[in-house]
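Have a look at the structure below, then the notes.
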């Protein structure tokens with residue numbers, strides 16, 4: 001009886017001690033993230049990490065631009081409100097250079113293999129040899145097209161088309177009476193909207209934002225050719241009101257069967273091939289972003305990544321979470337719960353070596369090829385003083401490119417000519433860069 | 001004597017009023033309908049009006065993904081708190097300007113209004129640093145004070161306009177009867193200006209409820225109100241219109257209900273003194 005009581009007492013003591021230890025080590029971290037399918041999925045699966053570690057998560061899920069305002073305010077003032085931030089490829093090199101982010105070169109979980117990360121993605125998140133963010137999913141851009149309309153037009157999409165082919169195919173596929181537009185592309189003003197598309201496109205035409213002296217290059221013949229080609233192609237075969245169309249508007253048009261081709265983010269592939277949302281899901285083909293034969297394709301490179309602000313006082317736990325969310329184990333967890341097609345793409349080579357993933361995601365190889373063909377350190381045919389494919393990794397870029405985007409969007413709306421838009425872009429970029437001390 | 005209006009004219013004006021009313025109400029109606037659709041139906045072309053499979057899935061998804069009760073509670077506390085604090089400060093200020101104006105009263109009023117033209121982002125960093133220093137970042141009290149300061153010029157202006165309609169002789173009579181300044185304001189002025197004060201309160205609660213710059217940037221989790229709740233359902237890459245509509249309806253429903261019940265008071269206050 002005494003022994004029994006002693007045993008029960010010991011067991012209770014052990015349980016209490018274990019409970020107290022858990023309470024003592026359990027922490028609460030705050031994660032700011034963007035509202036998209038992959039991130040929302042991560043939020044839904046995160047209880048697995050909470051159960052595993054005993055820690056809890058406060059989620060702050062926000063629209064992309066609102067998130068950017070929030071985390072930029074917090075990190076630049078050392079606010080310390082967030083322990084993990086979701087940042088883009090644009091922010092990573094700038095914030096990393098300011099020593100605002102914690103190095104992920106060490107302290108990550110043993111099975112988190114940095115060498116497995118795709119070189120282009122890893123390169124964009126590395127500052128002076130220091131990995132400042134871990135990619136959660138990566139994307140490039142590519143051509144998504146209607147195979148039935150292409151066939152009806154008597155054409156065959158090459159795996160690596162030229163811009164000239166795209167323009168001719170778009171004209172052939174356009175049927176205004178049937179409300180089918182040969183080409184859909186971004187026209188809405190914004191550095192992450194039309195300027196992402198046009199900057200990437202300009203790379204393939206041999207244009208660049210700045211020369212090696214940081215002088216704006218909108219007065220160059222390459223930019224004139226880029227913008228003129230874009231405006232003419234959109235006038236011939238683009239949808240009405242294209243100057244207001246961003247990703248979502250074009251996605252809607254494509255899913256409704258109103259676009260022959262759509263050049264946009266590779267992440268769109270899973271949307272347009274989903275039969276629950278897309279009326280043309282079984283007719284979608286993919287091709288690399290177009291080029292002009294100069295050696296660069298018109299595709300961009302982007303990754304949403306998880307980073308730890310230097311102001312966080314829970315950096316070890318934050319690293320543990322990032323190891324879990326961006327490691328190979330998470331990939332398996334998503335595959336088990338949601339299927340291989342929903343695994344966050346574009347960050348690890350091992351995913352593209354996985355036969356099950358390749359079988360479930362028909363767009364996988366094209367995504368990988370698109371990402372691999374983008375080089376953020378040498379985006380243009382000509383030499384440039386900056387990094388970034390569809391952006392220039394300097395703090396001034398977002399403001400300048402949004403203003404330039406307004407000029408180009410105006411030109412697309414027919415309110416000014418290509419020459420006028422380029423002249424305005426040249427003037428305002430020169431003024432802003434001079435004011436910034438370049 | 002009331003002016004006689006012919007029946008055809010009456011019908012025409014009624015139809016016009018209904019037309020304008022429906023036009024203004026249409027976006028809310030469309031948001032309401034979309035919130036009960038699937039994402040695929042939400043973007044269907046041609047649009048589906050009523051004949052679709054109504055679903056409440058969006059509402060359950062929104063509730064599952066976010067802490068709506070906390071956001072609602074924060075919105076109520078911040079909107080009501082900032083307005084009441086503003087009223088407490090603005091009533092004496094407006095009294096002074098209306099009944100004992102100085103040489104520069106008009107200038108002060110104009111200067112107060114001009115602060116509304118200051119781009120808010122200009123004081124973002126100072127305010128964030130102050131909040132951090134005082135350890136009130138992501139707190140309701142910080143937002144109550146900030147929103148009160150932002151709306152104070154409007155509150156003072158509105159109250160000043162209402163107070164100017166009240167004859168100063170009545171206050172003088174109260175003073176002659178021995179009322180102190182406090183009693184004069186609380187027992188004489190306030191009851192007479194109640195419709196105006198009520199409409200000021202209602203209008204400023206609506207303004208504070210809708211304020212989306214400070215409420216998003218000065219909060220993370222604990223004090224995040226419905227504006228931040230909505231921002232979590234908008235996405236530039238991905239079609240979540242139905243869920244966004246459900247979140248929008250949940251965010252505006254309380255203020256619509258409040259407006260519905262108080263519309264008589266609101267209209268009365270806004271037209272207070274308009275007709276003599």
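The values are calculated or read from the model by the stated rules, or taken from the named source; none is laboratory data. Not measured: the values here are computed from a predicted model. Reconstructed Cβ throughout: ideal geometry from the backbone, glycine too, with neighbour counts over all protein chains shown.
I'd like the residue in region A:39-54 that is crowded, with 20+ Cβ neighbours inside 10 Å and touching a residue at least 24 places away in the same chain (Cβ under 8 Å) and, out of all such residues, is farthest from residue B:243 (Cα to Cα).
A:49
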Can you say whether residue B:91 is part of a helix (DSSP H, G or I), farther than 20 Å from residue A:61 by Cα and touching a residue at least 60 places away in the same chain (Cβ under 8 Å), as far as the supplied structure shows? yes
Among the numbered conditions (1) in a helix (DSSP H, G or I); (2) in contact with a helix residue (DSSP H, G or I) (Cβ under 6 Å, 6 or more places away or on another chain); (3) within 14 Å of chain A (Cβ to nearest Cβ), tell me where residue B:132 comes up short. (2)
Just need a number here: residues in region A:366-384 that are within 21 Å of residue A:422 (Cβ to Cβ) and touching a strand residue (DSSP E or B) at 6+ places or on another chain (Cβ under 9 Å). 2
Is it the case that region B:203-216 has a residue that's farther than 30 Å from residue B:38 by Cβ, within 14 Å of another protein chain (Cβ to nearest Cβ) and either out of contact with any helix residue (DSSP H, G or I) (no Cβ under 8 Å at 6 or more places or on another chain) or assigned to a helix (DSSP H, G or I) (or both)? yes
Assuming residue A:369 fulfils every condition listed in (1) over 24 Å from residue A:433 (Cβ atoms); (2) more than 16 Å from the chain's Cα centre (by Cα) apart from one, which condition is it? (2)
Test each condition in (1) outside any loop (DSSP other than H, G, I, E, B); (2) within 30 Å of residue B:150 (Cβ to Cβ) for residue B:101 and report the one that comes out false. (1)
Here are A:74, A:106, A:115: which of them is over 30 Å from residue A:282 (Cα atoms), part of a loop (DSSP other than H, G, I, E, B) and out of contact with any strand residue (DSSP E or B) (no Cβ under 6 Å at 6 or more places or on another chain)? A:106
Please work out which one of (1) surrounded by fewer than 18 Cβ atoms within 10 Å (Cβ to Cβ); (2) touching a residue at least 60 places away in the same chain (Cβ under 8 Å); (3) within 16 Å of the chain's Cα centre (by Cα) is the condition residue B:99 fails and give its number. (3)
Considering only residues that are at the interface with chain B (Cβ under 9 Å from one of its Cβ atoms) and either assigned to a helix (DSSP H, G or I) or on the phi > 0 side of the Ramachandran plot (or both), look in region A:228-252 and name the one that is modelled with the lowest pLDDT. A:248
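Given the residues B:191, B:195, which is the only one that is out of contact with any helix residue (DSSP H, G or I) (no Cβ under 9 Å at 6 or more places or on another chain), modelled with pLDDT under 90 and assigned to a helix (DSSP H, G or I)? Reasoning before the result, please.
Values: B:195 fails: out of contact with any helix residue (DSSP H, G or I) (no Cβ under 9 Å at 6 or more places or on another chain).
B:191 is the lone residue from the list that is out of contact with any helix residue (DSSP H, G or I) (no Cβ under 9 Å at 6 or more places or on another chain), modelled with pLDDT under 90 and assigned to a helix (DSSP H, G or I).
Check B:190, B:219, B:215 and return the single one that is touching a residue at least 12 places away in the same chain (Cβ under 8 Å) and surrounded by fewer than 21 Cβ atoms within 10 Å (Cβ to Cβ).
When all the criteria are applied, what remains is B:190.
Residue by residue, here is whether (1) closer than 25 Å to residue A:279 by Cβ; (2) over 23 Å from the mean Cα position of the chain (by Cα); (3) touching a residue at least 60 places away in the same chain (Cβ under 8 Å) holds:
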| position | (1), (2), (3) |
| --- | --- |
| B:40 | yes, yes, no |
| B:57 | yes, yes, no |
| B:66 | no, yes, yes |
| B:80 | no, no, yes |
Tell me which of these residue A:426 doesn't satisfy, since it passes every other one: (1) touching a residue at least 60 places away in the same chain (Cβ under 8 Å); (2) assigned to a helix (DSSP H, G or I); (3) in the same structural domain as residue A:106 (by TED's automatic domain parsing); (4) in contact with a strand residue (DSSP E or B) (Cβ under 9 Å, 6 or more places away or on another chain). (3)
Does residue B:224 fit the bill of being over 27 Å from residue B:163 (Cα atoms), part of a helix (DSSP H, G or I) and touching a helix residue (DSSP H, G or I) at 6+ places or on another chain (Cβ under 8 Å)? no
Given (1) closer than 17 Å to residue A:263 by Cα; (2) at pLDDT 95 or above; (3) within 23 Å of the chain's Cα centre (by Cα), number of the condition residue A:138 does not satisfy: (2)
Kindly state which helices (runs of 4 or more DSSP H) lie completely within region A:299-367 and contain at least 3 residues that are closer than 29 Å to residue A:197 by Cα. A:349-352, A:355-360
Residue check, residue A:300 against (1) closer than 30 Å to residue A:103 by Cβ; (2) touching a residue at least 60 places away in the same chain (Cβ under 8 Å); (3) touching a helix residue (DSSP H, G or I) at 6+ places or on another chain (Cβ under 7 Å); (4) more than 14 Å from chain B (Cβ to nearest Cβ), all met but one. Which one? (4)
Return a yes/no flag: does region A:85-97 have any residue that is over 30 Å from residue A:255 (Cβ atoms) and either within 12 Å of another protein chain (Cβ to nearest Cβ) or modelled with pLDDT under 90 (or both). yes
Taking first residues from region A:261-281 that are more than 9 Å from chain B (Cβ to nearest Cβ) and second residues anywhere that are surrounded by fewer than 21 Cβ atoms within 10 Å (Cβ to Cβ) and at pLDDT below 90, the pairs with Cβ under 7 Å that are 6 or more apart or on different chains are A:270/A:341; A:272/A:278; A:273/A:362; A:281/A:273; A:281/A:274; A:281/A:275
Scope region A:30-58; condition outside any helix (DSSP H, G or I) and farther than 13 Å from residue A:330 by Cα; matching residues: A:30, A:31, A:32, A:33, A:34, A:35, A:36, A:54, A:55, A:56, A:57, A:58
